Amino acid sequence: MQRTQGQTQPAWRERVTFAYLEEPPFCRREADGQVAGCDVELARHVLAAAGAGPVDFVMAEFADLLPGLVDGRWTMTTGLFITAERARQVAFSRPVWALPDGLLVAAGNPKRLTGYGSIARDAKARLGVIEGQIQHDAARAGGIPPERIVVYATQGEAAEGVGQGEVEAYASVAMAHRGYLAKTGASAFAVVDVAGPARAGGFAFSRANDGLAQAVDAALAGFLGTPAHRALMARHGFGAAEVDRIATAS
């Protein structure tokens, strides 16, 4: 807590540190050093509406996002899938997107993979996942044995694993795969949509910053589904149906 003119003020009103991944269309660092993406734009809007202080953006690896909140390295993270296990460690905002999984595969999808089950049935197929992401759990639940799951630290490393033949597919959010291809212009890959429900993700906060989480939630409640929000998401490839998933539930 900070003290201003004799009154106690939450530290987040002085400054917010926002941890993000290099994972377009959600977050990315541009050539000029600016941070952009739908999560970044949305966070800037709601933090300003919540009365938060200036925002510092810090790039992190996925496995560090939650530990960094818990030990105070940052104040808030980019959107993460909301799970009961994660919610025991940190606070989440209301959902800011709800998205299905996808597989990044070699162009032409030579193995004809359609999802976790098809990989499990192919004794020679290997799957890449990012450490700590829920697709790792989905892969194991889908019957893929641990010895055929390769864990990477970043999106770029996992995509490189597909390109070099270390794995036949890399599982993440389908939208993230499409964002990666749009950013890199890579033509050696294709995206396979995995059938299944869309899962909700929200901004994450330390339990010590419940006040910020509540203020951001209030700002989101007044913004999600508005024309300005729809225009923001459309700039990053989200259609009306994808916005409706969370706007109608908020």
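Given the criteria in contact with a strand residue (DSSP E or B) (Cβ under 9 Å, 6 or more places away or on another chain), in a loop (DSSP other than H, G, I, E, B) and not assigned by TED's automatic domain parsing to the domain that holds Met233, does Ile144 qualify? Yes: the conditions hold for Ile144. The requirement of being among the charged types (D, E, K, R), under 30 Å from Arg13 (Cα atoms) and either in contact with a Gly (Cβ under 6 Å, 6 or more places away or on another chain) or outside any helix (DSSP H, G or I) (or both) is fulfilled somewhere in segment 226-245, by at least one residue. Taking the criterion of being in contact with a helix residue (DSSP H, G or I) (Cβ under 9 Å, 6 or more places away or on another chain) and under 27 Å from Glu22 (Cα atoms), the residues of segment 103-114 that qualify are Leu103, Leu104, Val105, Ala106, Leu113. In segment 40-62, which residue that is hydrophobic (A, V, I, L, M, F, W, C) and assigned to a strand (DSSP E or B) is nearest to Ala215 (Cα to Cα)? The selected residue is Val55. In segment 29-39, the qualifying residues are those that are in contact (Cβ under 8 Å) with a residue 12 or more places away in the chain and not in a helix (DSSP H, G or I), and the one that is nearest to Trp97 (Cα to Cα) is Gly37. Only one entry in Ala171, Ala182, Ala190, Ala158 is part of a helix (DSSP H, G or I), aliphatic (A, V, I, L, M) and either buried (at least 20 other Cβ atoms within 10 Å of the Cβ) or modelled with pLDDT of 95 or more (or both), namely Ala158. Counting just the residues of segment 202-243 that are free of Cβ contacts under 8 Å to residues at least 40 places away in the same chain and within 18 Å of the chain's Cα centre (by Cα), which one comes out surrounded by the fewest Cβ atoms within 10 Å (Cβ to Cβ)? The qualifying residue surrounded by the fewest Cβ atoms within 10 Å (Cβ to Cβ) is Gly239.
The values are calculated or read from the model by the stated rules, or taken from the named source; none is laboratory data. Since the structure is predicted, the reported quantities are computational estimates derived from the model, not experimental observations. All Cβ positions, glycine included, derive from the backbone under ideal geometry; neighbour counts span all protein chains shown.
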